[in-house]
Structures are given as C-alpha cells and as structure tokens.
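The values are calculated or read from the model by the stated rules, or taken from the named source; none is laboratory data. Quick caveat, the model's predicted, so the values are computed rather than measured. Cβ atoms come from the backbone with ideal geometry, glycine included; neighbour counts cover every protein chain shown. We work out accessible area using only protein heavy atoms, side chains counted, and drop any ligands, DNA or RNA first. Shrake-Rupley method; radii C 1.70, N 1.55, O 1.52, S 1.80 Å.
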Amino acid sequence: MSKNNYKIKMPDLMEAIFDACYLIFDLIAGILFFVYSKGNPLFILYGVLTLTLCGGDAFHLVPRIKRAVYGTNDKIKRQLGIGLQVSSITMTVFYIILLFIWKLTFPTLTAPLWIEAMIWISAIIRIVVCFLPQNNWTSEEGNMKLSVIRNAVFAVTGIGVILLYAISGNMYDLHLNRMVAAIIISFGCYIPVTLWSKTKPMIGLLMIPKTCAYMWVIVIGLQLLF
C-alpha cells in the first residue's frame, strides 16, 4: 500500500500509541532497576528481565507501529514475521529469568527438581522449535502445527513458573504471589490470539490485557525496588 494513499485509522493510531507507551515504560523501568539497584543482584536481574522484554517486543511492535502509521508493505510484513520469531524467543528467556528472580528472592526455598526440569526442558524445546525454518515466520500462512507445538510447550514453561510463585506465596510479606495472577492473565490472553487471531481478528484485542499483565510483572518488581 502506498504511503500517499494510506490514511491512518483511529484504532490503528490508538494501537500505535499504546505500543509506544508500553515500550517506553519498559525502557524507563529497566533503567530505573539498574540505576537504583545499588549492586543488588536481584534488582540487576529485574533490569535484565525488563530490558529483555522491551528489546524482544520492540522487534515485533516497532513494525506494528510503522504499519499503523504508514500502512503495510512486503518489507513491514517481513519485519513483523522476524519480530514475532525474536519476541517468541525472548519471551521464553523472560520466564527463565523469572525462575532466577524467584531463587534470589527466596534463598531459603528450594525449587522442586521436577518443576525446575519442567521449566528448563520446555523452554529449550520452544526455543529450538522457534528456530525451525518450517515455522514460515515471514509468511502470512505460518505453520499452525508448529504454532500449536511451540505454544503448548511455552504454556508448560509458564505453568512451572506459576507453581514456583504459588509455592512461595506471600513469603516475607512481599506479595509476589501476585505474579501468579499476572502470568495466568498473560497466558489466558495470549493463547487464544495465537490460535485464532488469523481467522477471528477481533481476538487480537486480547493482546492489550496480555501486555498490561507483563507491565504488572514489572510494576511488582518496581514496588520491591522502591
């Protein structure tokens, strides 16, 4: 679509603003974690977590912002596909980092071996699947079979992390049991989008509460910091 003929629509403009605000929020939060960590490895790790989220999602959201403002073309479609691949990998890393944050936050607790194995094995499988060229990331058709596989194992990773934060509960009165709700909301919104958004585009709106859930995870860390 030519930029000269394209007129931005209000829903697209609102999406672009929301995505930009989300990325800016993550960037500022990540900087705050590093600036105010005072060498505390927990908050340094929160900073790594936040910038991993920001950097990975930027690969996908910046092309979405460009598409909303200028309209679509083959270059943007390719960038969206590659961005989806990158963000799929970094989101997996995000949950691995949450595992280490749990370990640093609750040093007196030991993660059950089967839960930790569940997180690591499913995460590695997902990352390997994400690298397979058969995913057809840059094609509009994609690969539904591999999409189901990579998101099924991703759900296993998420369940493992949920179990850890459920085990620790409100230990030390840190209220990190809220991580359980945030992760459940994120997966509850994310899975339907990956499965049905191409046939039912309105389901894509679930990405808004999904994104807010990830912002909530970062806010939980900021509350510990300040």
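Do any trypsin sites (Lys or Arg not before Pro) in region 1-92 lie in a DSSP loop with no more than 16 other beta carbon atoms within 10 Å, and if so, which?
Sites meeting the loop and neighbour criteria: LYS3, LYS7, LYS9, LYS38.
Return the carbon/sulfur percentage of the accessible area of region 11-149, one whole number, probe 1.4 Å, all protein chains in place.
Heavy-atom surface of region 11-149 belonging to carbon and sulfur, 1.4 Å probe: 73 percent.
So I have (1) 11.0; (2) 12.7; (3) 13.9, and one of them is mean projected area of the Cα convex hull in nm² calculated from this model. Which one is it?
Computed from these coordinates, mean projected area of the Cα convex hull in nm² corresponds to label (2).
Is there a quick way to get the dipole size of region 30-147? I mean about its Cα centre, with the Cβ of Lys and Arg at +1 and of Asp and Glu at -1; what is the value in debye to the nearest 20?
So the magnitude is around 240 debye.
Among GLY204, GLY83, GLY30, which one moves the most in a GNM of the chain with springs linking Cα atoms closer than 10 Å?
Largest GNM mean-square fluctuation: GLY204.
With r as the distance between the Cβ atoms of LYS200 and LYS9 and R0 = 30 Å, compute the FRET efficiency 1/(1 + (r/R0)^6) and round to 0.05.
E between LYS9 and LYS200, to the nearest 0.05, is 0.95.
Give me Rg over Rh for region 9-99, both radii from the alpha carbons and Rh done the Kirkwood way, two decimal places.
The Rg/Rh ratio comes out at 1.07.
Rounded to the nearest 10 degrees, what's the angle between the helix 207-225 long axis and the longest principal axis of the chain, both from Cα atoms, 0 to 90?
Value to nearest ten degrees: 30.
Residues of the chain: accessible area per residue at 1.4 Å, in Å²?
Value for the chain: 51 Å² per residue.
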